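No value in this document is a laboratory result; all are computed from the given coordinates. Remember, it's a predicted structure, so these values are computed and weren't measured experimentally. In this analysis, Cβ positions are derived from the backbone assuming ideal geometry, glycine residues included, and neighbour counts consider all displayed protein chains.
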Amino acid sequence: MPSLTISRRDADDVKTRHIYVKVDGKTVGAIGYGETLHVLLEAGSHVIVFDNTWAWKKFEVEVREDEALRASVACLKAGLFALAAAILSTAPMKLRVDLAKAESA
């Protein structure tokens, strides 16, 4: 069965906020720093969205029965991160997602 495995371990990650994962409009999980999330998919076309509530990335993918997807995600500092954090107790973050087909399912 096709699957999507998401990991969040990048050393540059700000280690705050969860990244929410939606497949075809349904939330399938949230991932914090240092965590891995495994999602089973049906073969066919899917829309996968990664969202940290500041930024989001959308991917349209096609997976076959024998395929697996892997994603590495991170929340990264954006713009005037330090100044905004000092003033507002929160700050904008970029979202980085590297999504690829795995070598084997």
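For the pair Thr36 and Arg64 in one chain, pulling the backbone fully straight at 0.36 nm per residue adds 7.8 nm over the alpha carbon distance. Across the cross-link table entries Lys77/Lys101; Lys58/Lys101; Lys26/Lys77, which are compared at the Cα atoms, the separations over 24 Å belong to Lys77/Lys101; Lys26/Lys77. Here the contact order of region 3-101, divided by its residue count and restricted to Cα pairs under 8 Å and six or more residues apart, works out to 30 percent. Stretched out straight at 0.36 nm per residue, the stretch from Asp98 to Thr5 would grow longer than its current Cα-Cα span by 32.3 nm.
Which order, highest average first, do 32-40, 14-22 follow once you tally other Cβ atoms within 10 Å for each residue and take the mean per peptide?
Values: 32-40: 13.4, 14-22: 17.8.
Most protected by this proxy first, the peptides run 14-22, 32-40.
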